[in-house]
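Okay, structure first, notes after.
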Amino acid sequence: MERNVKLLVTVQCWPLAVLWGPAAAAPAAAAELPSAFAALNVNAKPFVPNVNAPVFVPSFLQTSAVEIPASDGRSAPDSRLEVSLTPPVENGATEADMTTEEETWEQKEEQKEEPGGGGGGGGQEDLGGGGEMMEEEEEEMPMPKVAPAPPDAPKKEHVNVVFIGHVDAGKSTIGGQIMYLTGMVDKRTLEKYEREAKEKNRETWYLSWALDTNQEERDKGKTVEVGRAYFETEKKHFTILDAPGHKSFVPNMIGGASQADLAVLVISARKGEFETGFEKGGQTREHAMLAKTAGVKHLIVLVNKMDDPTVNWSLERYEECKEKLVPFLKKVGFNPKKDIHFMPCSGLTGANLKDPVPECPWYTGLPFIAHLDSLPNFTRSSDGPVRLPIVDKYKDMGTVILGKLESGCISKAQQLVMMPNRHTVEVLSLLSDDVETDDAGPGENLKLRLKGIEEEEILPGFILCSPDNLCHSGRTFDAQIVIIEHKSIICPGYNAVLHIHTCIEEVQITALICLVDKKTGEKSKTRPRFVKQDQVCIARLRAAGVICLETFKDFPQMGRFTLRDEGKTIAIGKVLKLVPEKD
């Protein structure tokens, strides 16, 4: 047995210089190798380590362990322990011994050949190998889940925050930073992201990877789907909806904004970036307008990248961005005194998100997270009829749907009706922000497992209603429309894409009923033959299929819509009345 162990040590990849001295290393290795392999007992029993024995640390490792810092920020003895423990674990494999042992001997032969004569280099290679093992172990670790709150804790108010703004303004990075600052992403996971991002030469993107989870989004650095995450403050429970900024994915952004109570418009203060985002083709304008149409009442404008060398927390630049934005936001319908709040921040460094910034003495307001916590509560009718527009659906041990409960309350085992197909369904289980509950109130993001309906029978835009109070559905309706941006005129027969709550459907303007004066609100006596940009009109629209909708007066969340065409938002409007179908 002793001889076996001795041979094992000889063939292990400790550098030859350590075992025999540097001068004799190369010739001694050449002479010893054949005899060592000849006398090797391949059929020997596997070596099972004594787990309780004190850790064996070779002398050369003790000196170098101090010099090489541990890769994930822990103390050096930890990394030393990991490295010295790995060989016995390999030997402890009892099942396919022969194959693995043969492989390891081949590998070790290769390792012997690689260092020509420099023994020290070999030692460092071995250490590097240990580091890789540690990295692999880290990769396998599952992401930590947030522990659900104790059941007796009082329910915090749910607020959905949508991050909107031009592409590359820093929406996902701010979202990731907030999750880190509130403890929803641990430091170790972020360090892993940072390492992976560095390998792709994208080290500033690592925070956004907390929200951009799929490979395509990470490779291009662009959000495509609306990312979701949760964080809590002392008084409220927030859901982050990270909307895509790219103009190709505006339909996804509308879906995200339709679930939001509060919008955070992220703009970049960096020279040139703010201007491109705000000009005619930029997404800053369009997103602000869509958020207002989607029913967002309160807007926080985060002036991001204030730490950039071209800005350097300059008050002049901050005021310049503010002056350009306020008139536009006012035009969209936000009240600058009550609905809009500006604040400077830096998503990458986390400045002014949780703690005030010393470099920015001129900003005296609360930091971002504290400001969110101090906002007044939203008024929601919990006694109204159940209305839950469906955002997404999938199969998972039954039919699962996702959506935000707009009004009413839903509890387990409740009978509901899926409109417009009038399927009666039963709620099997309820998840509010991935935490299982028995009942849910308005404003919460829910995942429901339903019984009595197949996944194929549901489409995004369908609505769950209480059986005694069904929502209206139809194809024809009258609406007041504001034409925002359209080069030519719009006549009856014009086709566009309608976005109403979470539903996307093609519509045709079948008739123009009258024009509305913007200032006085008076309606014209004669029917207009066409409408053009900046005009307000009442028109009759007909959808290609049956859609669920309500009048704006009865239920604002399901009565406001946008019309889009050729990748641009053309008009916003509200439903005035539903026209019954002629038989």
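The values are calculated or read from the model by the stated rules, or taken from the named source; none is laboratory data. Keep in mind it's a predicted model, so treat the numbers as computed, not measured. For neighbour counting, all protein chains shown are included, and Cβ atoms are generated from backbone atoms with ideal geometry for every residue, glycine included. To get the accessible areas, we keep the full protein, side chains included, count just its heavy atoms, and leave off ligands, DNA and RNA. Shrake-Rupley method; radii C 1.70, N 1.55, O 1.52, S 1.80 Å.
Brief remarks follow.
- For His423, residues with placed amide H under 5 Å, excluding near neighbours: Met418
- Extension gain, Phe378 to Asp434: 0.36 nm times the residue separation minus the Cα-Cα distance gives 17.9 nm.
- Positive-pole candidate from Asn335, Met179, Asn201, dipole of the range 157-374, charges at beta carbon: Asn335
- Separation in nanometres of the label points that stand 7 Å from Cα toward Cβ, at Ala39 and Glu279: 8.0
- Rg and Dmax [Cα atoms of the range 473-578; Å; Rg one decimal, Dmax integer]: 12.7, 35
- For the range 217-223, the Karplus equation 6.51 cos²θ - 1.76 cosθ + 1.60, evaluated at θ = phi - 60°, returns couplings of 5, 6, 5, 8, x, 10, 6 Hz by residue, with Gly and Pro reported as x.
- For the range 473-578, the relative contact order works out to 40 percent when only alpha carbon pairs closer than 8 Å and six or more residues apart are counted.
- Here is the list for the range 499-572: chymotrypsin sites (Phe, Trp or Tyr not before Pro) lying in DSSP coil, each with at most 16 other C-beta atoms within 10 angstrom of its C-beta, are Phe530.
- With all protein chains in place and a 1.4 Å probe, the accessible surface of the range 387-465 carries 49 percent carbon and sulfur.
- Per-residue extension of 0.36 nm, minus the Cα-Cα distance of Phe530 and Lys200, leaves a gain of 113.5 nm for this segment.
- Dipole of the range 230-386, positive direction: furthest Cα of Leu241, Leu348, Thr284, with charges on the beta-carbon: Thr284
- Extension gain (nm, one decimal) between Glu359 and Asp219, 0.36 nm per residue minus Cα-Cα: 47.1 nm
- Simple spin-label estimate for Arg542 and Asn252 in nanometres, 7 Å along Cα-Cβ: 3.5
- Computed over the range 387-465, the P(r) tail beyond 22 angstrom holds 8 percent of alpha carbon pairs.
- From phi via Karplus (6.51, -1.76, 1.60), per-residue ³J(HN,Hα) for the range 177-182 in Hz, x at Gly/Pro: 5, 5, 4, 5, 5, 9
- Between the range 224-276 and the range 453-490, the C-alpha centres lie 23 angstrom from each other.
- Glu316-Leu366 FRET efficiency (beta carbon distance; Förster radius 30 Å; 0.05 resolution): 0.85
- Annotation: amide H of Ala351 within the under-5 Å range of Ser346, sequence separation 5 or more or interchain, hydrogens built in the peptide plane.
- Filter on Lys412/Lys574; Lys236/Lys568; Lys235/Lys297; Lys171/Lys322 - keep pairs with C-alpha separation over 27 Å: Lys412/Lys574; Lys236/Lys568
- Three-way shape call for the range 157-374 based on the alpha-carbon gyration tensor, with the a/c threshold at 1.5: rounded
- Charge dipole (the range 473-578, unit charges on Cβ, about Cα centre) - positive-most of Val575, Thr510, Phe530: Phe530
- Size of the range 226-329 from its Cα atoms: along the principal axes, largest to smallest, the extents are 35, 34, 23 Å.
- Computed on the range 157-374, with alpha-carbon pairs under 8 angstrom and 6+ residues apart, the relative contact order is 23 percent.
- Residues of the range 157-374: accessible area per residue with a 1.4 Å probe, Å²: 40
- Environment charge of Ile570, counting only residues whose C-beta is closer than 13 Å and scoring Lys/Arg +1, Asp/Glu -1: -1
- Percent accessible area from carbon and sulfur atoms, the range 473-578, protein chains only, probe 1.4 Å: 51
- Ligands, DNA and RNA left out, the accessible area of the range 300-367 computed with a 1.4 Å probe is 54% carbon and sulfur.
- Phi angles across the range 518-526 convert, under the Karplus curve 6.51 cos²θ - 1.76 cosθ + 1.60 with θ = phi - 60°, into 3J(HN,Hα) values of 4, 7, 9, x, 6, 9, 6, 6, 9 Hz, Gly and Pro given as x.
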